[in-house]
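See below for the structure under consideration.
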């Protein structure tokens, strides 16, 4: 009976101390119950715990190959497509290469108009060469005024994590192209009297556009003129020595010494004569602000007095159309 009473006493004590707090409970119970398993079962204490740690290391892509490009030629007065090819490798697999970010830029120090092709490029995957590598084909739109020089090829790409890679170790050559167009193509004068002096053309100026990428230096613009023959009396003619040309004019109604074109380059029959001061640097002539352009003004210094009254032009016999050339 005594043993049962002691047992009940300690059970009662256990309940009371549980309510009051386990701080006192610890030495009392440990004195009578030495089993650690029992203790842990009562308190719910854990003996160990685990966690998972994961770290991913991204490998940067590499533009490891840019195909050689031979000399390229612009398209006069228009655009041309230049083709480029480059290969990208990513150790994390070809799926981590961002195809939409593939691009090619061509650069040349001193290019006209801050020439930049980054907005004129289309690139697409061409071939998956391995589990980590893709080859891309790119077409770059190049304007006619792209400078004749060695240009740098900058091939670049991002991976899907946004890591950037580029290769700018290759170059290619844009070749020189000399080209021009002009308007108008018919040079005319109003009706003139015999002996009239210093009269300008009524279609001045003739505008020459540099439609190539070659700078036309002073002396590079020339005109080959032919005597004008009569359409009725075909033996009468106006010699080209009566005409002159200049890259600067006075005014539409100038006369005498006020007409700079009337004091310009004299023409010589059937001979190319350089136009003094005329030059045309390469540039985007579509601006129509003088860039890549030159204006030519024409004057008849004197209408001969010994010829008949009729129309004289270059469609008659014994003559040819005048030729304006650049070199």
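Each value in this text was obtained by applying a stated rule to the coordinates, not by laboratory testing. This structure is a prediction, so every number in the text was calculated from the model and none was measured. We place every Cβ from the backbone using ideal geometry, glycine too, and count neighbours over all the protein chains shown.
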Item to check | Distance (nanometres) between label positions extended 7 Å along Cα→Cβ at residue 268 and residue 129 | outcome: 6.0
Checklist entry - For region 62-174, what is the Kirkwood hydrodynamic radius in Å, using each pair of distinct C-alpha atoms? => result 14.4
Checklist entry - Roughly how many nanometres apart are two label points built 7 Å out from the Cα toward the Cβ at residue 234 and residue 68? => result 6.1
Checklist entry - For region 180-326, what relative contact order do you get, as a whole percent, if you take Cα pairs closer than 8 Å and at least 6 residues apart? => result 37
Checklist entry - Taking a ≥ b ≥ c as the square roots of the eigenvalues of the Cα gyration tensor of region 168-327, is the shape rounded (a/c under 1.5), prolate (a/b larger than b/c) or oblate? => result prolate
Checklist entry - Ranked highest first by the average count of other Cβ atoms within 10 Å around their residues, in what order do 279-287, 263-271 fall? => result 279-287, 263-271
Checklist entry - Among 227-237, 290-300, how do they line up from the highest to the lowest mean number of other beta-carbon atoms within 10 Å? => result 290-300, 227-237
Checklist entry - Between residue 188 and residue 99, what length in nm is gained on full extension when 0.36 nm per residue of separation is reduced by their alpha carbon distance? => result 26.2 nm
Item to check | Cβ crowding within 10 Å averaged over residues, with 181-192, 138-149 ranked highest first | outcome: 138-149, 181-192
Next on the checklist: Can you compute the FRET efficiency between residue 306 and residue 181 using 1/(1 + (r/R0)^6), with r the Cβ-Cβ distance and R0 = 41 Å? Round to the nearest 0.05.
Outcome noted: 0.60
Checklist outcome for this item: Here the FRET efficiency for residue 287 versus residue 169, based on Cβ atoms and R0 = 41 Å and rounded to 0.05, is 0.75
